[in-house]
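Structure, as structure tokens:
Values quoted throughout were computed directly from the atomic coordinates according to the rules given, and no laboratory measurement underlies them. Keep in mind the model is a prediction, meaning the values are calculated, not measured. Every residue, glycine as well, gets a Cβ built from its backbone with ideal geometry; the counts of neighbours run over all protein chains shown.
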Amino acid sequence: MYDFLRVDDQSSPLYGRHLEEVRVNKFDSKKSLDFLEKGFQQVDMEVQEEVLKYATEKLDGIVGWLTEFGHRCFKVKEVKRSIVDDILELAMKTTVDELSHFSKEYVYVIEAIARGYERWSEIKRYIEEKEKMVIHDAELRRHLRTLEKRG
């Protein structure tokens, strides 16, 4: 984020300005449900418990998607399960679009992590099996740092 904003670059409009970082972690299912219920209460919208539970389960506590769900429901003045499905489709398209900007090596790193590989050696072995060649530690380190910077 800091690289993207160029906060250390004197030519950046944000250079020298105070920045405050706010990190929002995923909500658990109880907090997600509470978040949606309170939001809909604030705009006087009635909701069916089953739709909120579906949204909570499918949107997996990701605050941005929960907010998108609430906003879309507010715009159409109705809380519908199909809106959750539309958001899931959008999330999938967004993910595929993001991944299309990476080389296959980066995708392999993401795949390894998604499959539950946590150790350096596990991730490295997974990539080497996919690539059918040796990957050097410096290259894997670069891939991980780049992915971390991209969020």
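For the reader, a short list of remarks on this structure follows.
- Separation of alpha-carbon centers, segment 103-149 and segment 65-98, rounded to whole Å: 31 Å
- Charging the Cβ of each Asp and Glu at -1 and of each Lys and Arg at +1, and nothing else, the dipole of the chain about its Cα centre rounds to 220 debye.
- C-alpha long axis of helix 29-42 to longest principal axis of the chain, angle in °: 50 degrees
- Links that overshoot a 19 Å alpha carbon limit, given the list 31/75; 58/149; 30/58; 58/130; 58/80; 26/75: 31/75; 58/149; 58/130; 26/75
- Annotation: extensible slack from residue 104 through residue 90 equals 2.8 nm (criterion: 0.36 nm per residue apart, minus Cα-Cα distance).
- Between helix 63-76 and the chain there is an angle of about 40 degrees, using the helix long axis and the longest principal axis of the Cα atoms.
- Overall, segment 25-79 carries a charge dipole of about 200 debye about its Cα centre when +1 sits on the Cβ of Lys and Arg and -1 on the Cβ of Asp and Glu, all other atoms neutral.
- One decimal place: the segment residue 11-residue 137 gains 41.9 nm when fully extended, by the rule 0.36 nm per residue minus the C-alpha distance.
- 0 to 90° range, to nearest 10: angle between helix 81-99 axis and the chain longest Cα axis: 20 degrees
- Remark on the chain: Rg and Dmax equal 20.0, 59 Å (Cα only).
- Ranked packing of 137-149, 50-62, 6-18, most packed first, by mean Cβ within 10 Å: 50-62, 137-149, 6-18
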